[in-house]
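Pasting in a structure now, in C-alpha cells, and then I'll have a few things to ask.
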Amino acid sequence: MPVFAILLVWSLLEIALFVTVGGALGLGLTLLVVLGTGALGIAMLRGEGMRAVRHLRSELASRQNPLQAAGSDVLWVVAALLLILPGFLTDVLGLLLMLPWVRVAVAGYAARRVAGAVRRAAGKHAAGRAPHRPPVDVIDGEFIEVPPQDQRPPSGWTRH
C-alpha cells in the first residue's frame, strides 16, 4: 500500500506543478521545456548509457570492484530516465542527479544502507537464527516392499 500512496502523491505533485508552472510559462514554453528535457534524457541515455555498459564490462574484465563505477553509472542512467518522463518534479530530480556530488552522496547513502542490511543479516545468521527460513520436519523411517497377495486377473474394463 505505501507504493500506491507514493505514486498517488507523486502524480498529484506533478499535476500541481504542471498547472502552476504551465500557468506561469504558458502552453508553448511548457511543452518546449517538457520536450526539451525529454530529448536531453534520450541523448544522455543513448550516449552515456552505452558508455556505462562498456565501462562496467571493462571493470568486470579487469577483475576490479565495479560497484563504485556502477553506482555512478546507474545513477546517471536513472537521471536520464527521470528526464525522459514528462513532469517538472522528475525533471528537477533528473537534473540534480546529473551533478557529480549528488550522485556521490546518493551512492554513499545507498552503500551504507546495503552494508547495514548485510551486517544485520550476517548477525542473525551468526546467532544461529537463519533469516526467514521455515522449519523443516525430518522423519526417519524404513520401508519394506510387500508383494501383492491377491493375484486375480484384471477386470474386463482393464484388459488390453
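Residues in the range 95-104: is at least one modelled with pLDDT under 80 and more than 30 Å from residue 30 (Cβ to Cβ)?
Of the range 95-104, the ones modelled with pLDDT under 80 are none.
For the range 95-104, residues modelled with pLDDT under 80 and more than 30 Å from residue 30 (Cβ to Cβ): absent.
Does residue 117 qualify as being modelled with pLDDT of 75 or more, more than 30 Å from residue 32 (Cα to Cα) and either among the polar types (S, T, N, Q) or under 17 Å from the mean Cα position of the chain (by Cα) (or both)?
Yes.
Identify all residues within the range 120-142 that are modelled with pLDDT of 80 or more and under 22 Å from the mean Cα position of the chain (by Cα); write none if there are none.
120
Tally the residues that are in a helix (DSSP H, G or I) and either without any contact (Cβ under 8 Å) to a residue 40 or more places away in the chain or aromatic (Phe, Trp, Tyr) (or both), restricting the search to the range 1-43.
Within the range 1-43, residues that are in a helix (DSSP H, G or I) and either without any contact (Cβ under 8 Å) to a residue 40 or more places away in the chain or aromatic (Phe, Trp, Tyr) (or both) number 30.
Does residue 90 satisfy the criteria of being outside any loop (DSSP other than H, G, I, E, B) and either within 22 Å of residue 6 (Cα to Cα) or at pLDDT below 80 (or both)?
Answer is yes for this residue.
What residue, of 71, 36, is modelled with pLDDT of 90 or more and either surrounded by 11 or more Cβ atoms within 10 Å (Cβ to Cβ) or charged (D, E, K, R) (or both)? Give the derivation first.
Details: 71 fails: modelled with pLDDT of 90 or more.
36 is the lone residue from the list that is modelled with pLDDT of 90 or more and either surrounded by 11 or more Cβ atoms within 10 Å (Cβ to Cβ) or charged (D, E, K, R) (or both).
Right, next: Return yes or no: is residue 21 within 12 Å of residue 88 (Cα to Cα) and touching a Pro at 6+ places or on another chain (Cβ under 8 Å)? First the steps, then the outcome.
Details: within 12 Å of residue 88 (Cα to Cα): yes; touching a Pro at 6+ places or on another chain (Cβ under 8 Å): no.
Spelling it out, it is not the case that residue 21 is within 12 Å of residue 88 (Cα to Cα) and touching a Pro at 6+ places or on another chain (Cβ under 8 Å).
Kindly indicate whether residue 46 is outside any loop (DSSP other than H, G, I, E, B) and modelled with pLDDT under 85.
No: the conditions fail for residue 46.
The values are calculated or read from the model by the stated rules, or taken from the named source; none is laboratory data. Given the structure is predicted, the values throughout are model-derived calculations rather than measurements. Ideal geometry is used to build each Cβ from the backbone, glycine not excepted, and the neighbour counts take in all protein chains shown.
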